[in-house]
Amino acid sequence: MGGPVNARRLPTAYLEQPCRAALHHVVGMGFEWSLNPYVGCAHRCTFCYVRSFERRADRASDERYGRTVRVKVNIAERLRWELSRRSWQRQSVHIGTATDPYQPAEGSYRLTRACLVALDDFRTPAALITRGPMAVRDIDVLATMTAHAGATVIFSVPTLDDAVWRTTEPGTAPPRARLRALERLRAAGVNAGVAVAPILPGLSDGADSLAAVLAAARRSGASFVWPSMVRLQPGTREHFIEALSRDWPELVPRYQQIFAGRTSVPSAVAAPALEAMASLRARWGFSEQPAPRREPPAAPRQLALRL
Ligand code: SF4
């Protein structure tokens with residue numbers, strides 16, 4: 001029998017694979033070091049930018065994306081070795097740049113937590129981006145990092161609309177659960193805010209939709225909010241348009257026009273949403289950027305291990 005695939009019910013296979021390096025040097029991203037405990041993401045968002053990375057790596061970027069997640073089982077030990085090198089300058093490490101560090105596997109593997117503990121032991125600041133309320137589990141480590149070298153948690157919350165969330169993010173927890181997690185982190189003194197990302201033309205770019213997200217972020221105590229329009233690079237584009245033609249077929253011609261010969265939303269199309277965001281941020285006193293990190297203090301002589 002045919003019919004639409006219910007991506008929420010698709011099983012995920014987990015492959016345990018040791019990694020050779022925990023930290024990856026990146027260029028042109030506004031930060032120098034990234035860390036991803038997993039490869040692939042069981043959240044399977046239809047707009048996921050990682051699909052384009054997968055396409056370039058000659059791996060599946062279609063409906064199969066997220067059905068296999070590779071688990072870097074040795075990443076925390078590897079990270080400790082890298083952080084202990086004399087050459088390590090304790091620059092900020094960005095976690096979750098190519099996968100969600102709080103996807104379901106983290107509940108049992110606890111690799112993100114082990115990496116946070118290692119970063120804290122070596123007084124290295126971190127910024128983490130996620131759609132996972134599981135971040136509250138690590139509130140103790142994040143609060144300790146806040147007191148040491150600094151920690152920032154960015155929750156991606158593009159919309160509060162139930163239908164848009166369920167359809168475009170088939171594997172994530174509800175956006176309001178992320179905001180409740182944010183509220184708890186803020187209460188613990190952790191720098192945490194919201195990325196309204198990705199904003200989808202015709203689905204989540206209306207002023208009312210954006211105002212609802214910012215009002216909820218404000219109630220949760222978000223210390224910053226920033227917007228980002230969707231990008232559809234090869235690999236992401238095909239899957240997103242296919243999902244759109246199933247879920248909102250009337251929007252397909254508009255997307256084909258917007259993304260004709262380009263991967264990002266042209267400024268004329270993005271302007272109303274970005275202007276609405278700027279105005280709401282100004283009205284409610286949101287910063288657009290996470291607070292600048294502190295200079296890392298001297299590394300402790302004795303490193304505690306708390307897993
Ligand atoms: S949570 Fe992030 S990494 Fe995971 S599928 Fe969604 S956009 Fe991709």
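The values are calculated or read from the model by the stated rules, or taken from the named source; none is laboratory data. Quantities reported herein were computed from a predicted structural model and do not represent experimental measurements. We place every Cβ from the backbone using ideal geometry, glycine too, and count neighbours over all the protein chains shown. To get the accessible areas, we keep the full protein, side chains included, count just its heavy atoms, and leave off ligands, DNA and RNA. Shrake-Rupley method; radii C 1.70, N 1.55, O 1.52, S 1.80 Å.
Summary of values
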read-out: Degrees separating the helix 236-247 axis from the principal Cα axis of the chain, which is the longest one; value: 50 degrees
read-out: Among 32-39, 73-80, the order from most to least packed when residues are scored by Cβ within 10 Å on average; value: 32-39, 73-80
read-out: Surrounding net charge for residue 136, when Lys and Arg each add one and Asp and Glu each subtract one, Cβ distance under 12 Å; value: +3
read-out: Solvent accessible area, Å² - residue 49, 1.4 Å probe, full protein context; value: 100 Å²
read-out: Inter-label distance, nm, simple model (7 Å from Cα along the C-beta direction), residue 288/residue 166; value: 3.5 nm
read-out: Whole-angstrom gap from the stretch 7-49 to the stretch 164-198, using each part's C-alpha centre; value: 19 Å
read-out: Highest-first arrangement of 247-253, 42-48, where packing means the average Cβ count within 10 Å; value: 42-48, 247-253
read-out: Crossing angle, helix 207-219 versus the chain [Cα axis fit, 0-90 degrees, rounded to tens]; value: 20 degrees
read-out: Neighbourhood net charge (12 Å Cβ-Cβ; Lys/Arg +1, Asp/Glu -1) for residue 46; value: -1
read-out: Residues of the chain: accessible area per residue with a 1.4 Å probe, Å²; value: 46 Å²
read-out: MRE, 222 nm, helices only [DSSP H, n ≥ 4, -39500 (n - 2.57), over the chain, to nearest 500]; value: -10500 deg cm²/dmol
read-out: Ranked packing of 152-161, 20-29, 180-189, most packed first, by mean Cβ within 10 Å; value: 152-161, 180-189, 20-29
read-out: Summed residue charge, Cβ within 10 Å of residue 20's Cβ, Lys/Arg positive, Asp/Glu negative; value: +2
read-out: Acute angle (nearest 10 degrees) that the helix 175-187 long axis makes with the longest principal axis of the chain, alpha-carbon atoms; value: 30 degrees
read-out: Orphan Cys of the chain, criterion: no other Cys C-beta under 4.7 Å; value: 19, 41, 115
